[in-house]
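The values are calculated or read from the model by the stated rules, or taken from the named source; none is laboratory data. Computed from a predicted model, the values in this text were never measured in an experiment. Cβ placement follows ideal geometry from the backbone for every residue including glycine, while neighbour counts extend to all protein chains displayed. Keep in mind that these areas ignore ligands, DNA and RNA; they rest on the heavy atoms of the full protein, side chains included. Shrake-Rupley method; radii C 1.70, N 1.55, O 1.52, S 1.80 Å.
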Amino acid sequence: MVSSWCHHGGVPRCCSLDKNGLSLMPPAVPAPFVLSKPAILIGAAPTDLAGIELCAPEWPVFAADGGVHTALANHLQPRAVIGDMDSIGALDQLDPAIKLIHQIGQDDTDFEKCLNLIHAPIIIGFGFLGARNDHTLAALHTLASLSDSQPVILVGQDDVMMRVRGDCQLHLPIDTRFSLWPLGRQN
């Protein structure tokens, strides 16, 4: 084993290499984005971003992997793209102002990777519901598995899903379809 300088994302850092020159150290954990305002998160499922006009224009935008294409097609400049980068072609053609946070591993979804790094009063996600049942179920599983009380709203073509813990109050028009679905143990 030898120590050498590796270049990850253009930034040199020391790492240990085995006899074949492969890194033995896991990549450094990126610093989380700690925000004082809501965050918009765009996933890769097809979406027309209906409802995004209700979000304030100064709220920061993030993309989960291939969601960067939807963001850019709708003239939204993500602060960062977070994920395993398996759904993005031509990374070198993205604006250098967009931070790329490459999170390797297939034990969690790109949505989970994003929620682990974005700390905001609320996260509003587009492009996580409806396209494929397995992806929708994975998003619901992620919401059910969160250990903190992070409020998350997912906006789909036909539905809006809101993750809350504890008491909440909703004022909805008469005849609004509404479902309450406990994800996990309720006290």
If I filter the stretch 69-83 for residues that are modelled with pLDDT of 85 or more, open to solvent by less than 40 Å² (accessible area, probe 1.4 Å), under 13 Å from the mean Cα position of the chain (by Cα) and of a type in the set (D, E, K, R), do I get at least one hit? no
Residue hits (the stretch 85-144; within 13 Å of the chain's Cα centre (by Cα), part of a strand (DSSP E or B) and closer than 19 Å to V34 by Cα) are L100, I101, H102, I118, H119, I123, I124, G125
Would you check which residues across the stretch 52-68 are under 14 Å from the mean Cα position of the chain (by Cα) and either within 13 Å of A39 (Cα to Cα) or of a type in the set (D, E) (or both) and list them? P60, V61, F62, A63, A64, D65
Of the conditions (1) surrounded by 10 or more Cβ atoms within 10 Å (Cβ to Cβ); (2) of a type in the set (K, R); (3) free of Cβ contacts under 8 Å to residues at least 40 places away in the same chain, R177 clears all except one; give me its number. (1)
Quick one: which of V152, V164 is at pLDDT 85 or above and not hydroxyl-bearing (S, T, Y)? V152
With (1) surrounded by 11 or more Cβ atoms within 10 Å (Cβ to Cβ); (2) modelled with pLDDT of 90 or more; (3) not hydrophobic (A, V, I, L, M, F, W, C) as the list, and P30 as the residue in question, which single condition is left unmet? (2)
Of these, A144, A97, A139, A90, which one is crowded, with 18+ Cβ neighbours inside 10 Å and among the small types (G, A, S)? A139
Hey, does the stretch 50-63 have a residue that's in contact with a Ser or Thr (Cβ under 9 Å, 6 or more places away or on another chain) and closer than 22 Å to D158 by Cβ? no
Which of the residues spanning the stretch 146-155 are within 15 Å of the chain's Cα centre (by Cα) and not in a strand (DSSP E or B)? L146, Q150, P151
